[in-house]
1. Over segment A:78-117, what is the relative contact order in whole percent, taking alpha-carbon pairs under 8 Å and six or more residues apart?
2. Taking 7 Å along the Cα-to-C-beta vector as the label spot, tell me the A:ILE337-A:LYS428 distance in nanometres, rounded to one decimal.
3. Between segment A:9-39 and segment A:511-550, what is the separation of their alpha carbon centroids in Å?
4. Which whole-number percent is the relative contact order of chain A (Cα, under 8 Å, 6+ apart)?
5. Sticking with the crude label model, points 7 Å out along Cα→Cβ, report the distance from A:MET87 to B:TYR80 in nm, one decimal please.
6. In segment A:65-146, what trypsin sites (Lys or Arg not before Pro) fall in a loop by DSSP, with at most 14 other Cβ atoms inside 10 Å?
7. Rank B:SER313, B:SER393, B:SER184 by mean-square fluctuation in a GNM of chain B with C-alpha springs under 10 angstrom and give only the top-ranked residue.
8. To check my understanding: the extent here is largest minus smallest coordinate of the Cα atoms along each principal axis. What are those three numbers for the protein assembly as shown, in Å, largest first?
Amino acid sequence: MLFLMFEQRSKIIGFVFLLAGVVFLAKLFYLQVIDQTYKDAATSNSLHKVLEYPYRGLIYDRKGRLLVNNIPVYDIMVTPRDVKKNMDTLNFCRLLGIEKEEVREKLLTARMYSRVKPSPFIRQISHTDLARIADRLIEYPGFSIEPRTVRGYDHNNLAHMLGYMAEISPEKLKKLGKGFYRPGDYIGISGLESQYEKYLRGKRGVKFVMVDVHGVQKGSFKGGILDTAAIRGENLYTSIDLELQKLGEQVMVNKKGAIICIEPKTGQVLAFVVGPSYDPNLLRGREFSKNYTMLFKDSMKPLFNRGLQAPYPPGSIFKTFQALVAQQEGVIDSNTIIPCTREVVNCHPHPNPCNLRTSIQWSCNPYYLNVYRRIINQNKSKNTYLDTRIGYEKWKLYAEAFGFGSRLGIDVPNEVKGILKSPKYYNKIYGENHWKYSTIYSLSIGQGELGLTPLQMVNLACILANKGYYYTPHLVRGIGEKRLIIRKYLEKHVVPVDEKYFETILTGMRWAVQMGTVWSSARMKSVIICGKTGTAQNPHGKDHSIFIGFAPKENPTIAVACVVENSGFGGFVAAPIASLMIEQYLKDTIERKNLLEHMISRDFIHKAIPVPKEPEKVKPVTPVADSKPAKKEDEGPGNSN
Amino acid sequence: MRDQGTVIKNIDWVVVLLYLAMVLYGLVSIYASMYDPVDDLPIYSQALPSGRQLIWIGTSLVLIVFIGAIDSKFYEVFAYVIYIIVLLMLIAVLFVGKEKAGSKSWFGVGEFGIQPSEFAKFATSLALARYLSNPLVRLEKLKEILTAAAILGVPALLILAQNDTGSTLVFSIFIIPMFREGLSSAYPNLVIATVSLFILTLFVPQIALLAGIGILGLLVFFLMRKTIQNISILVVSLSIVSGVITGVDYFINNVLQPHQQSRIKVLIDPNIDPLGAGWNVTQSKIAIGSGGMIGKGFLQGTQTKFDFVPEQSTDFIFCTVGEEFGWIGSFLLVAMFITLFMRLIFLAERQKIKFARVYGYCVASILFFHFLINLGMTMGLFPVIGIPLPFFSYGGSSLWAFTILLFIFLKLDAHRTQILSRE
C-alpha cells in the first residue's frame, strides 16, 4: 500500500514538471506568435551603438612647439542595406556635389564590402560643408556622418620622420583590425605615426543611443551610464629642435643627402634632415592619393629617406674608427709614424710623414693603408689567406660593436642595415683562401664593400664625442603625460675600445677643423669643433662630400653627420654645413650669414656633373659591389612594411 | 580502472546526449548574445564570453572523466565530508570573497571567479540523500523533518548572508525529494497555499481579500459542527490567513531590499518604470516576442546584441534563443529540459539503493527549479531572480556545478546493477 503511494508520488512530480513545460510553451506561443505588440516594440525601440573616435596624440618638439596637430573632418558613411531603392538620387547628388554615376559606383563598392556594416561613402568633408549637408542627410536612410580628424602641420618640415597616415588597407585590417580598426579608419603608415601608432591612437569610446523606426536618435540610453568615453591618444614629446631642423632643410635645398644631429650624451635626435624632402601637408586629407602619386613618380625620389635608407661609402671619416681599433689591438700607438708613400693609394699634399694625430688632421691615405694591414695581418697564422681571414673576423667584431652593418634601432621604421661583408662573402667571390689584404685594402679608407647610412655615421660621431659609448638614436623622449621612454633607448652601448685611445684621435679631429682638411670658413671663433671629413668615391658622379663632427670639444652637446651627394671634397661642402648646424644649436642664431647664403645657393642636383674631375685615389682592384647608395632607392617609403 | 569500461557501457546515453546538445545550444546562444557585427569576432575568440565558455565546456568534460573515474561508493561514504567542506567554503567566502553585483559570493582567481554557492547545491543533495538513505528515516517524525530541514537550512542561510537571494530560494525545491520519500503532502500544500495567497495579495486589493476571507469564515462557521476544537482551529487559521494578507505589504515594504521590492512591483505592472527596474522584463519580453515563429535567424537579433544588460549572456540567455530561433527554438529548449526531467525521474525510480534515488530526485528538482524560475523571469511570469539557466547560461561555476551534479548521478546509475539492494 505504502509502495503504491510512492509510485503515485513520482507521477505527481513528473506531472508538475510537465505542466510547467506546457504552461511555458503556451505562454511563449502567445508572446511570440499571437501577440504582435512586441514585434512593433522591437522595431520602434532599438539601441544603436555609436562609436566615438578618440583624439589622436599630438607631437611636440624639444621646446614644446607643435610638430603635428589634428584638424576635424567628417566622413559620410553608407550602410547599403538601409539605402532606399527609390532614393531621390538627383537631389542627393546636388547635396553632395557628385555625379550620379559616382553614387552608383560607390554604392556598389560599399555593397561588395558588406551589406550591413557601414563603410565610407565620401571622405573628409570640412566643417563648413557639413553644416549644409547634415540636416538634409536625414532624408536619406542608410547614410550617416562620422566625425574624424586628419593631421595638420603649422610648418613644412621633418616630413620623413613624422611620417604620414592613410586609410587602413584591407590586408592590415584583417591582420590586426578586428579588435580596434574598422574599414575607413586611418592608421600611421610611416615615420613616428607608424612606430608609435598604439600610443597615438588612444581608445575608442562607445555610446548607446535609442533610435526610433525612422532612425532618429531619441537620446542616450539610461542616462548614458553604460557609455564609455573615448580616451585620447598619448602625446609624443620629441627631442627635435624645430629651428635647427628648419635651418637644415633650408640648407639642403637643391642637394641630395642628409644631415643628422644628435645629443651624444643621450642619443636624442636634434635634427634629421633629408634632401630632397617634401611638405608633410601634401600627404594629408583628401589630396593624399593625388599628391602621393606625384611624389612617388618624382625622379628625385623625395619620399626616399636617405638618412635611414641610403648606405654610402663613408670615405675618410672611417679612419677614426680604424685608428681606434688599431690602438686597441696594440698594432700602433699615438707615436707611430708612417711615411706617405703613394704606391697603392693616392694622397694629397700635406706635411710628411704623419704621426697618428696628423694622420687624422691631414687624412693621410697611405697611413691607413698601413694601419689597416697591421690590424688585418697580425701573423696569427703562417698562411697569409688564413691570417687575413682571422684578422678580418676580429675587425668585423669591432665594426659591429660600432653599429655598422646592422640596424641601430631608431624609433622610425624602415631603417636599413648598411653594408658590412662577412668572410663568407669574400669566399664566395674569390674562393676560400683566395683573398688577402690586397683584396680588401679599400676598406682601410672607407671605400670598397662598405656602406654606412648617415645615421650610422652620426652614431660614430657620438661614440667619438662620448669617448667610447653611445645610446641608440631616438626621436621620442617622452610618451604621454608620464613622459615614458622605451627602455632600449636608456641602455648604454659601450664599444670595446678603451677611453685612453680616443684622446689623440679627438685632438687630430680638432686640428682637422682648425688647420687641416676642413675649409677655413667652417671654423667657429668661440667654439672648438672636432671633425673629420670624408670624400667618397662612387659610381654616380662626383664624390660625395661627407663630414662627421661634434662640439664643443669638452662635454660635447651636439654630434652631427652630413652627407651631400656628388658635391666634391668633404671639407668644402659637408663640413661648413655641419658647422652651421652646430652654430645654430649652440648659439641659437647664425652670425656667419654669408656662409649660410653661400651654402643655400649651392646646387648639386640640377647642374649635372656626370664625370669625376679629380684624379682617382684608389686603384680599382676590387669590384665596388653593393656600395651604390642609389640602388636602394627602389624601395622607397612607399612600400612600407 | 576496473570498471571504466562498464561506466561507458552502462552510462545513460540519453542524458549524456541531451547534456551535450544543451551545452552546445547554449554556446551558440552565448555567442549570438554578444556578437557584434562591427567587430565580427569568431565564436572561439577569447574576447567574447563564448570563447571563455568554450574553455569551461572543455574543463567540464575533464571533470566528467574524473567523476567517472572515482569509485561510485565514494559519494555516499564521503557525502557529509563534502557537505562540511562546502559549508566551510561558504563561511570563508563571507570574509575573503569578492563582491560582484552586490553579492559577496566569489572567490576571485584573476579574471575568473569561483562561486561556492553553486557547489552547495550538489553537496547538500549528497548530504540529504545520505541522511534519507537510512531506511529507518521516513520523514514521519518531527525530529526527522527538522534534521532534514537543518541540512538544507544551514547552507541556505549562509548563502542568504552573501546577499544571494536567488541561490537561497533554490533550496526550497528540496521539498520535492522529501515529498517523494514520505513527507506528508500537507507541507507542499501549505507552501503552495501560502505562495498562492501571497500572489493573490499582490493583485487583489487587501480590503476585498480580507472581506472574502471573512465571508468564507462565516460560511464555514455556519456549516461546520460547532465544537470547541473546530471553532478554535477556524479562528487560528483565519487569523493566520489575515495575518499573511496584512503582512505581505509590510514584508514587501520593510523586509525586502529596494531592488527586490521593485522587481516584485514591476511584475505586477511592468509599465511603472519601463526604463528602470522594468527595463529587464520589458526588454526581455520584447526580445522574445519579436522572435516570431521561426526567429530572426542566427546572429540576426537586434534586441540582445548590446551589452547594456549585464546578464545578457548569463541569466537572460533565453532572450537570445527566443529572438533568434523563435518559438521553434524555444520549443526545442523546453522540450529538451522536460525530456531530461522525465528521464531523470525514470532513472531515479530504477535505482536499487535509496541514496541514489534521493540524489536523483534532488538533481531533477534543482534543475527544474532553475528552469522554472529562469524562464518564468524572462517571460515576465516571475520576479527577476538572478539564477542561471542550467547548461545554457554563460559562467564557469554554474556549468561546472551542474555538470558535477548531473554526472555524479549518472555515475551512480551506471553502477546500480553492481550494488546489492540494501533496502
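1. Numbers: 21 pairs, mean separation 27.6, N = 40.
Relative contact order of segment A:78-117: 69 percent.
2. Each label point is offset 7 Å from its Cα along the Cβ direction, giving 4.6 nm.
3. 94 Å
4. Details: 1307 pairs, mean separation 93.4, N = 641.
RCO, chain A: 15 percent.
5. Computed distance between label sites A:MET87 and B:TYR80 equals 7.7 nm.
6. Working: sites: A:ARG65, A:ARG81, A:LYS84, A:LYS85, A:ARG94, A:LYS100, A:ARG104, A:LYS106, A:ARG111, A:ARG115, A:ARG123, A:ARG132, A:ARG136; in loops: A:ARG65, A:LYS84, A:LYS85, A:ARG115.
Within segment A:65-146, the qualifying trypsin sites (Lys or Arg not before Pro) (loop, at most 14 other Cβ atoms within 10 Å) are A:ARG65, A:LYS84, A:LYS85, A:ARG115.
7. Residue with maximal mean-square fluctuation among B:SER313, B:SER393, B:SER184: B:SER184.
8. Sorted from largest, the Cα extents of the protein assembly as shown read 143, 77, 47 Å.
Bear in mind that the values in this text are calculations on the coordinates, not laboratory data. This is a predicted model, so every value here is computed, not measured. Heads up, the Cβs are rebuilt from the backbone with ideal geometry, glycines too, and the neighbour counts pull from every protein chain shown.
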